[in-house]
Amino acid sequence: MNPLDEFDIRIIKELEKDGRMAFSTIAATLKISNTMVHQRVNRLTEQGIISGIRPLVNEKKIGYDWASFTGITLNKDSDSDRIIEALKAIPEITECYYVTGSFTLYIKIIAQNHEHMRKVLYEKIDRISGIAKTDSIVELGCAFKRNITL
């Protein structure tokens, strides 16, 4: 069952256009009350459907020209909680996923250049106890990125 009704979906779509849009503007556009928009956004946030409204930083515009998707194989999968905490301490790692297949974890690394990427991989990640190996694929650019269609 979809926990979203027509108004929730329309409010989310307006926020996707501009997360800083005033709730009063959304209310006027959708022809609903400002209070309704506030209540809906608060409920969607409390339910974890909206996890926050924050800026999307274009890494390349601030000098981070390299990115990789890196699979991580652990010596013991039971060490994953400890290893994830260590990965969280590395600011160049922007995403981390549990995966099936050859790897236990899959991460995205953002770096300024190839030397910076090498340092993140060899001097930070490979030094985490319990990581058996990494396997990286260099990202050449994002064709598109979007939320699921509501």
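The values are calculated or read from the model by the stated rules, or taken from the named source; none is laboratory data. What you see is a predicted model; the values in this text were computed from it and never measured. So basically every Cβ, Gly included, is an ideal-geometry build from the backbone, and we count neighbours across all protein chains shown.
Those residues that are exposed (fewer than 11 other Cβ atoms within 10 Å of the Cβ), charged (D, E, K, R) and assigned to a loop (DSSP other than H, G, I, E, B), I need them from region 122-150; list them, please. ARG127, LYS145, ARG146, listed by residue number. Considering only region 97-113, I want to know if a residue exists there that is in a loop (DSSP other than H, G, I, E, B), in contact with a strand residue (DSSP E or B) (Cβ under 6 Å, 6 or more places away or on another chain), of a type in the set (Ser, Thr, Tyr) and farther than 30 Å from PRO3 by Cα. Within region 97-113, one or more residues are in a loop (DSSP other than H, G, I, E, B), in contact with a strand residue (DSSP E or B) (Cβ under 6 Å, 6 or more places away or on another chain), of a type in the set (Ser, Thr, Tyr) and farther than 30 Å from PRO3 by Cα.
Taking residues in region 90-107 that are without any contact (Cβ under 8 Å) to a residue 12 or more places away in the chain, and partners anywhere that are basic (Lys, Arg) and surrounded by 11 or more Cβ atoms within 10 Å (Cβ to Cβ), the pairs with Cβ atoms closer than 9 Å and at least 6 places apart or on different chains are TYR97/LYS108. Scanning region 95-129 for residues that are farther than 19 Å from LYS61 by Cα and either touching a Gly at 6+ places or on another chain (Cβ under 9 Å) or among the polar types (S, T, N, Q) (or both) returns VAL99, THR100, GLY101, SER102, PHE103, THR104, LEU105, TYR106, ILE107, SER129. Of all the listed residues (ALA111, ALA89), the sole one being at pLDDT 95 or above, outside the structural domain of ASP18 (by TED's automatic domain parsing) and surrounded by 17 or more Cβ atoms within 10 Å (Cβ to Cβ) is ALA111. All of ARG82, ARG40, ARG118 fail the test of being more than 17 Å from the chain's Cα centre (by Cα) and assigned by TED's automatic domain parsing to the domain that holds LYS13, apart from ARG40.
Apart from one condition, ILE72 fits all of (1) in contact with a Phe, Trp or Tyr (Cβ under 8 Å, 6 or more places away or on another chain); (2) without any contact (Cβ under 8 Å) to a residue 60 or more places away in the chain; (3) among the aliphatic types (A, V, I, L, M); the exception is (2).
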